[in-house]
Amino acid sequence: MTPAPPNPNATFPTARSRRLRHHPLMRELVRETSLSVSDLIYPFFVRPGKGIKKEIASMPGNYQLSVDRLVDEVGSAADLGVRSFILFGIPTHKDATGSAALEDDGIIQQALRALRKTFADNILLLTDECLCEYTDHGHCGVLSDSTGRLDVDNDKTLPLLAAQCVSHARAGADVVAPSGMMDGMVESIRASLDSAGFAHLPIMSYSAKYASGFYGPFRDAAESPPQFGDRSSYQMDPGNGNEALREVAQDLAEGADVVMVKPALAYLDIIRRVKDHFGVPVAAYNVSGEFAMVKAAAAKGWIDERRVALEILTSIKRAGADMILTYFARDAALWLR
């Protein structure tokens, strides 16, 4: 005799949700969202020099690293199971066009070659593709006043981003991640990569990157605060959700393989909408301000850092992210063991 299926309309006392919460192993069996170290991408900041490991005051436990120390830190994280890393560079010099970003011996190119030599294909290396760390004005591209006010010239910036990506690909990047929110950036980068023999290389586009107040500590880490104004003319307005879907659709049409929502915690609804609407691989960036708030509150003894950090990362995964860029990657790897 076939047993009757569970009655979805059953009420208390027949239906008791707590039955599935009583035993910790039962809770694990019915858990809908599981967080794994393989979901995490660890950001690192690389600077010129040797033997440098300079802690970032607003991001405890994170550092500006010289290439030799970067190799050590990546190796330590890899031993814990973290295998994906995204690199941000601090160059030897900055100028109006961010020319250091395109140099074959630039800081990211040096880091890529060193990491590839040490770890071969046992790690995944992503590179952030933007000019803000390399320009003396701190904006994400070439400036122009052709519209009557000084702003980033979208179209003049595109070939520079494309050249940066090709240079990183030649140095050993596995994935390029354009973050400047320039219209047409994915198409320009895809065409340049394909022409240079890197048709196999994926593009992870910062497709829905908001003009957020959560980026402050990152700008300390990357030494890239805008020297005037802000980035609201090219990053998204925090009040807009439908626009995020249009941005993602455009990047996918241009050849993006992974799309990103940034920041993550204040935009969980956007992550869910993007995942539901497009069904493509979605990344989310658990940004520096989100990290710093947890660290600061934990240092005051106001919250349990481990519990809150894992809860935040799980919420990002539950919202629909397939991968999470997070400064908690190393800690999370230890906590998830």
Every listed condition ((1) in a helix (DSSP H, G or I); (2) more than 24 Å from S84 (Cα to Cα); (3) open to solvent by 30 Å² or more (accessible area, probe 1.4 Å); (4) of a type outside the set (D, E)) holds for S146 save (1)
Condition test on D237, is it open to solvent by 30 Å² or more (accessible area, probe 1.4 Å) and within 18 Å of D183 (Cα to Cα)?
yes
Of the conditions (1) at pLDDT below 95; (2) touching an Asp or Glu at 6+ places or on another chain (Cβ under 6 Å); (3) over 28 Å from P60 (Cβ atoms); (4) among the small types (G, A, S), S224 fails just one. Which one is it?
(3)
Single unsatisfied condition, L161 versus (1) under 27 Å from A77 (Cβ atoms); (2) open to solvent by less than 10 Å² (accessible area, probe 1.4 Å); (3) of a type outside the set (S, T, N, Q); (4) modelled with pLDDT of 95 or more
(1)
From the option list R19, R47, R31, single residue qualifying as in contact with a Pro (Cβ under 9 Å, 6 or more places away or on another chain) and among the charged types (D, E, K, R) is R47
In the set R246, R273, the lone residue that is crowded, with 18+ Cβ neighbours inside 10 Å, among the charged types (D, E, K, R) and either out of contact with any Cys (no Cβ under 7 Å at 6 or more places or on another chain) or in a loop (DSSP other than H, G, I, E, B) (or both) is R273
Could you please find all residues in region 154-204 being touching a strand residue (DSSP E or B) at 6+ places or on another chain (Cβ under 7 Å), closer than 21 Å to Q109 by Cβ and either in a helix (DSSP H, G or I) or hydroxyl-bearing (S, T, Y) (or both)?
L161, Q164, C165, H168, A169, S179, M185, I189, R190
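The values are calculated or read from the model by the stated rules, or taken from the named source; none is laboratory data. Worth saying up front: this structure is predicted, and the values here are computed from it rather than measured. Neighbour counts run over all protein chains shown; Cβ positions are idealised from the backbone, glycine included. Each accessible area value is taken on the protein alone, full model and side chains, heavy atoms only, with ligands, DNA and RNA left out. Shrake-Rupley method; radii C 1.70, N 1.55, O 1.52, S 1.80 Å.
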